[in-house]
Protein chains: 2
Amino acid sequence: MTPSPSGGLTIGDLADRTGLAVSAIRFYETHGILHPVRNAGGHRRYGRADIRRLSFVMIAQSMGFGLSEIAGYMTGLPAHRAPSKADWTRISEDFRSKIDARITLLQSMRDRLDGCIGCGCLSLETCALHNPLDEAAKGGTGPRALREV
Amino acid sequence: MTPSPSGGLTIGDLADRTGLAVSAIRFYETHGILHPVRNAGGHRRYGRADIRRLSFVMIAQSMGFGLSEIAGYMTGLPAHRAPSKADWTRISEDFRSKIDARITLLQSMRDRLDGCIGCGCLSLETCALHNPLDEAAKGGTGPRALREV
DNA sequence: CTAATTTCTCAAGTCCACTTTAGATCAAGA
DNA sequence: TCTTGATCTAAAGTGGACTTGAGAAATTAG
């Protein structure tokens, strides 16, 4: 629990700080999200900035972004130096615009749903939801949340 | 392609009308979303109302709801009779309130993200995003979009 | 120094939402 | 009628996001 003052955080420290499982943190590393250094014994050592990286991952995931997309944002951050505020601002601008698009889509679907349920036309043949769906329903296999907006 | 006028729609008809794969429609049946009757030869026959059911499934999915949750809504509809407008209105009211909650959560996260990125505090220890995340991040394994709001 | 904890790697397992494959049967047009 | 295309079942495969398990080595508390 005592984070080594000089050597950085252990994977357990990071897990405690973020609430993530140790296995998840290792998993993210294999997907290029973190790049910890190793100590003499081969154990991973993290910097404080990695807490922030993982926070971003968790936020983005809860908003429906996939890991590969998130990893894409992460490549916009320096791998072995703590990102500056400018780094975070840059990647979060694109992120924010995608969130906005997602909110707008959700709102328009909700509003149209009201109309469609009300008029009894909830059919892909005539319903106004048809086109938005066509655009939103692209993507590979697996759960199709609001990915790829 | 010629939908049997008396016998209802074939699974292929339904696939054409909804844009779903035949295999997906069969899969949904195993999850209790559709309950087609069988003809003499053992082939599935659907009613027009099933197009609407599948439309609802697709809409709900694109909004981040999981199949089991959607199946839950579907049990609120009559299995072997075409749902009335009142049936649809009833289940869509609950649905709509969940969508609203989802939109609100997304908006508040977006707004706080602006603040957190700006002030450089994007850390679970101090960031205002912490608590909303705690609530949103519950759930089993697998992709964790905005399920379980 | 020893015992208890952590961490290491790597392979395999899990859940969700489907798709693919295989072999057989059913339905419909020429 | 015949043949082509649709549908049937059951089982296995896929991709995303992780978790679990096994055995070994490193770290830390007492």
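The values are calculated or read from the model by the stated rules, or taken from the named source; none is laboratory data. Just so it is clear, the model here is predicted, and its values are computed rather than measured. Here Cβ is always computed from backbone atoms with ideal geometry, including for glycine, and neighbour counts include all displayed protein chains. SASA here: full protein model, heavy atoms, side chains in, ligands and nucleic acids out. Shrake-Rupley method; radii C 1.70, N 1.55, O 1.52, S 1.80 Å.
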Within the stretch B:10-17, identify whether any single residue is closer than 30 Å to A:Gln107 by Cα, surrounded by 20 or more Cβ atoms within 10 Å (Cβ to Cβ) and away from chain A (no Cβ under 12 Å), and answer yes or no. no
Do we have B:Arg38 as touching a residue at least 12 places away in the same chain (Cβ under 8 Å) and either surrounded by fewer than 23 Cβ atoms within 10 Å (Cβ to Cβ) or within 13 Å of DNA strand C (Cβ to nearest atom) (or both) here? no
Can you confirm whether B:Gly64 is at positive phi and touching a residue at least 24 places away in the same chain (Cβ under 8 Å)? yes
Tally time: how many residues in the stretch A:34-93 are within 16 Å of DNA strand D (Cβ to nearest atom), within 20 Å of B:Arg112 (Cβ to Cβ) and within 10 Å of chain B (Cβ to nearest Cβ)? 12
Hey, could you check the stretch B:61-83 for residues that are outside any loop (DSSP other than H, G, I, E, B) and among the polar types (S, T, N, Q) and say which is nearest to the chain's Cα centre (by Cα)? B:Gln61
Does A:Tyr28 satisfy the criteria of being of a type in the set (Phe, Trp, Tyr), within 14 Å of chain B (Cβ to nearest Cβ), open to solvent by less than 10 Å² (accessible area, probe 1.4 Å) and touching a residue at least 24 places away in the same chain (Cβ under 8 Å)? no
Only one residue in B:Arg81, B:Arg53 is buried (at least 21 other Cβ atoms within 10 Å of the Cβ), of a type in the set (Lys, Arg) and without any contact (Cβ under 8 Å) to a residue 60 or more places away in the chain, so which one is that? B:Arg53
Filter result (touching a Gly at 6+ places or on another chain (Cβ under 7 Å) and under 17 Å from A:Arg102 (Cβ atoms)) within the stretch A:42-92: A:Gly64, A:Ile91
